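Q: Mind having a look at this structure? Questions to follow.
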Ligand SMILES: Cc1cc2nc3c(=O)[nH]c(=O)nc-3n(C[C@H](O)[C@H](O)[C@H](O)COP(=O)(O)OP(=O)(O)OC[C@H]3O[C@@H](n4cnc5c(N)ncnc54)[C@H](O)[C@@H]3O)c2cc1C
């Protein structure tokens, strides 16, 4: 058994004891599951021990995120393990503890002003994941023409309640000369933070879509109409096959983008491609999954919505599909005539 | 049957329809200005507002095509079409009366007894009496003929009904259900025999209406359980044993209207405002693509209304329009998403973000309710002479 298999098995065991539930403003995350993850050291996977994490590779962190995403787990692990953790560590910013969630805000319109050894932040960051849940937030802020990665304690910050389509908190943070630790980033480093966030969502989407396909195949085998299981109808077989095509394509590209990240190659275009491709697949996979499930899948009692509602939101988070497809297109012809598009395409992943 | 049965004659232009259309627009503008409603997506499922329905009744916009003796207004299907289209496009709260006006009333008119019609139709036309569809059961969705809810005659000639219906939209706001029941045991040779329709007062003892929440947490669906409910003998609708035939006719009304492509129109309207504002070329092109699809659907739907005026029951074209139209309703969301940068959220400060969220969370329903698109395509294939 590889390390990752072990990690996956551990996470699955925890998930078995923490079923997904309908998130509400009163109960916006699965705190008990988070505690269980803390106890098993899983909230620090992929973060070095010197930085207070539990060590392990990027692949281990990705395995944790994938498994949690497939289980519709309402915990800020993707943000922490794949984005905030690596970005803060690379910037040399110390995080007191990974036992309390750290989230990310990409908000260049927030200004960071140097203040003694640290910074003060002013401005608003909209659509921040896990507001009201995360104890700290890594803010990618602007500072004149430069960019700063700042670490802010969220206690005491006003965080109005707002949620994505799955009820996951996505609030607005308002900073008013809020003190923060921080480090200046190069444009390239800042782009890498954005790309990591997009890739984190792509990884979650790939895992969720795979699970949606598995559930739909299972349901089609069980539900009987006209005296036979739905899976026996050719129309349904075509739909399941179409879903499988989408899911497989997303997984292949996302895996390749993760490997590019692991090799520390320029990951922006790879992340953009993975995110855009995963988002496009949501359209088809979620639609057909619901279609095959019929009315039962349209209810909150049935499990399907825990993943489809997340997928509908994740595809436009960490930069919308529009933003990333523009960036990908522009990046592929940047500074050139477009003549070498093919050469550039073959270098993305 | 030849492929020709898919094509319908063009709809004649109706001056009367255009006149009533303007009246409805004026009414809606005044209601909006008075704050009597706010536009939403998919309001014919979720916009329950009995006071609003009552206002429509007062203006003569319910039961429009029915005889005057039953509270109707003897107007054309084209006029009714214009009224329903305007209400849907405005995102007005029409769910309370929708089923009664669209299909239960016409069903009663065709098959009801004189007493049933005289008692119920005027109330529907007044916007005071609401109906639900009692067809689906947990094990019987597409395969409607496999229903198990049964009704037997007791010594007094009354019906004793037991079983459960599910996905019953708005049963908790309605007065009557038209329930498809087995009145004689299932017959292996003739699956469609032995079913009947009963007109059931939802306040009768023994009926339990249990909520089922949909993706956005809204309560529209119900499970309706009948525990040996005694239904008066004279509440049989139509003929005993003719339930399947009657249900099929009812589905033609259920499938043919503009609500099969306008459920997400309020989102398109919001997007239109955005595109006008930004003049973004990609947004304008998307609006153009959506509009072209919508215009074609309208022409198809108008032809169906004209066919209804000629006394036809255009089952196959109705199935076709519903398939193409409901596919459009869901596609609207992604067309718009692809060219805007507005996160979908019910809490969004941006009306476009809220409309996207409403449309997305209701999307699975569009291509399922009233017969799934797979089943509809089977009907279209039959119309093409393929099966
Ligand atoms: C919003 C909404 C409102 C509704 N309101 C009402 C209501 O008020 N009253 C009421 O009675 N019902 C209502 N329904 C139920 C609706 O009629 C059923 O959902 C529909 O008939 C499909 O049945 P099912 O959900 O059981 O799916 P199933 O029949 O189980 O179908 C599941 C999937 O299998 C496919 N399938 C089934 N058989 C075949 C086949 N032979 N060939 C190919 N594919 C097949 C279907 O197309 C579908 O994709 C409502 C449904 C929705 C979504």
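The values are calculated or read from the model by the stated rules, or taken from the named source; none is laboratory data. Because the structure is predicted, anything quoted here is derived from the model rather than measured. Here the Cβ is made from the backbone with ideal geometry for all residues, glycine too, and neighbour counts use every protein chain on show.
Q: Check segment A:51-66 and report whether any residue there is within 30 Å of residue B:348 (Cβ to Cβ) and buried (at least 22 other Cβ atoms within 10 Å of the Cβ).
A: yes
Q: What about residue A:343, is it without any contact (Cβ under 8 Å) to a residue 24 or more places away in the chain, closer than 30 Å to residue B:212 by Cβ and not in a loop (DSSP other than H, G, I, E, B)?
A: Answer is no for this residue.
Q: Hey, any hits in segment A:238-246 for a residue that's within 27 Å of residue A:197 (Cβ to Cβ), outside the structural domain of residue A:19 (by TED's automatic domain parsing) and touching a residue at least 24 places away in the same chain (Cβ under 8 Å)?
A: yes
Q: Could we say that residue A:190 is out of contact with any helix residue (DSSP H, G or I) (no Cβ under 7 Å at 6 or more places or on another chain) and within 14 Å of another protein chain (Cβ to nearest Cβ) here?
A: It is false that residue A:190 is out of contact with any helix residue (DSSP H, G or I) (no Cβ under 7 Å at 6 or more places or on another chain) and within 14 Å of another protein chain (Cβ to nearest Cβ).
Q: Continuing with this model, one more query. Give me the pairs, please: first residue somewhere in segment B:128-156 and free of Cβ contacts under 8 Å to residues at least 12 places away in the same chain, second residue anywhere and within 16 Å of the ligand (Cβ to nearest atom) and in a loop (DSSP other than H, G, I, E, B), beta-carbon distance under 6 Å, and either six or more positions apart or on two chains.
A: Close Cβ pairs satisfying both conditions: B:140/B:147; B:143/A:226.
Q: Something else: With respect to residue B:220, determine if the residue is within 22 Å of residue A:294 (Cα to Cα), within 14 Å of chain A (Cβ to nearest Cβ) and either in contact (Cβ under 8 Å) with a residue 12 or more places away in the chain or within 16 Å of the ligand (Cβ to nearest atom) (or both).
A: yes
Q: Right, another one. Could you please give the count of residues in segment A:256-311 that are more than 14 Å from chain B (Cβ to nearest Cβ) and either free of Cβ contacts under 8 Å to residues at least 40 places away in the same chain or within 16 Å of the ligand (Cβ to nearest atom) (or both)?
A: Count: 4.
Q: Same structure again: Kindly indicate whether any position in segment A:242-250 is within 16 Å of the ligand (Cβ to nearest atom) and modelled with pLDDT of 95 or more.
A: yes
Q: Would you mind stating whether residue B:205 is more than 14 Å from every other protein chain (Cβ to nearest Cβ), surrounded by fewer than 17 Cβ atoms within 10 Å (Cβ to Cβ) and either away from the ligand (no atom under 13 Å from the Cβ) or within 25 Å of residue B:241 (Cβ to Cβ) (or both)?
A: When the stated conditions are applied, residue B:205 passes them.
Q: Can you tell me which residues in segment B:325-341 are in contact with a helix residue (DSSP H, G or I) (Cβ under 6 Å, 6 or more places away or on another chain) and free of Cβ contacts under 8 Å to residues at least 24 places away in the same chain?
A: Passing the criteria: B:334, B:341.
Q: Looking for something assigned to a loop (DSSP other than H, G, I, E, B), surrounded by 23 or more Cβ atoms within 10 Å (Cβ to Cβ) and within 16 Å of the ligand (Cβ to nearest atom) - is there at least one such residue anywhere in segment B:83-103?
A: Yes, there is a match, as at least one residue in segment B:83-103 is assigned to a loop (DSSP other than H, G, I, E, B), surrounded by 23 or more Cβ atoms within 10 Å (Cβ to Cβ) and within 16 Å of the ligand (Cβ to nearest atom).
Q: Looking at segment B:252-288, which of its residues are outside any helix (DSSP H, G or I) and over 30 Å from residue B:379 (Cα atoms)?
A: B:279, B:280, listed by residue number.
Q: Also, quick follow-up: Can you tell me which residues in segment A:201-224 are free of Cβ contacts under 8 Å to residues at least 60 places away in the same chain and either more than 14 Å from the ligand (Cβ to nearest atom) or touching a strand residue (DSSP E or B) at 6+ places or on another chain (Cβ under 8 Å) (or both)?
A: A:214, A:221, A:222
Q: Take segment B:344-358 and flag every residue that is buried (at least 22 other Cβ atoms within 10 Å of the Cβ) and in contact with a helix residue (DSSP H, G or I) (Cβ under 7 Å, 6 or more places away or on another chain).
A: B:344, B:355, B:356
Q: For the condition more than 14 Å from chain B (Cβ to nearest Cβ), touching a helix residue (DSSP H, G or I) at 6+ places or on another chain (Cβ under 7 Å) and more than 26 Å from residue A:310 (Cα to Cα), what is the one hit in A:213, A:151, A:199, A:140?
A: After applying the criteria, what remains is A:151.
Q: Name the helices (runs of 4 or more DSSP H) wholly within segment B:315-387 that hold at least 2 residues that are assigned by TED's automatic domain parsing to the domain that holds residue B:305 and more than 16 Å from the ligand (Cβ to nearest atom)?
A: Because the criterion is at least 2 residues that are assigned by TED's automatic domain parsing to the domain that holds residue B:305 and more than 16 Å from the ligand (Cβ to nearest atom), the helices (runs of 4 or more DSSP H) in segment B:315-387 that meet it are B:315-339, B:351-366.
Q: Do any helices (runs of 4 or more DSSP H) entirely within segment A:30-99 hold 3 or more residues that are under 21 Å from residue A:258 (Cβ atoms) and outside the structural domain of residue A:302 (by TED's automatic domain parsing), and if so, which?
A: A:58-70, A:85-90
Q: Can I ask one more? Select, from B:77, B:29, the only residue that is over 22 Å from residue B:117 (Cβ atoms) and either assigned by TED's automatic domain parsing to the domain that holds residue B:126 or more than 23 Å from the chain's Cα centre (by Cα) (or both).
A: None of the other options fit; the residue is B:29.
Q: On to the next question. Kindly indicate whether any position in segment A:217-228 is touching a helix residue (DSSP H, G or I) at 6+ places or on another chain (Cβ under 9 Å), buried (at least 24 other Cβ atoms within 10 Å of the Cβ) and not assigned by TED's automatic domain parsing to the domain that holds residue A:157.
A: No - not one qualifying residue is present in segment A:217-228.
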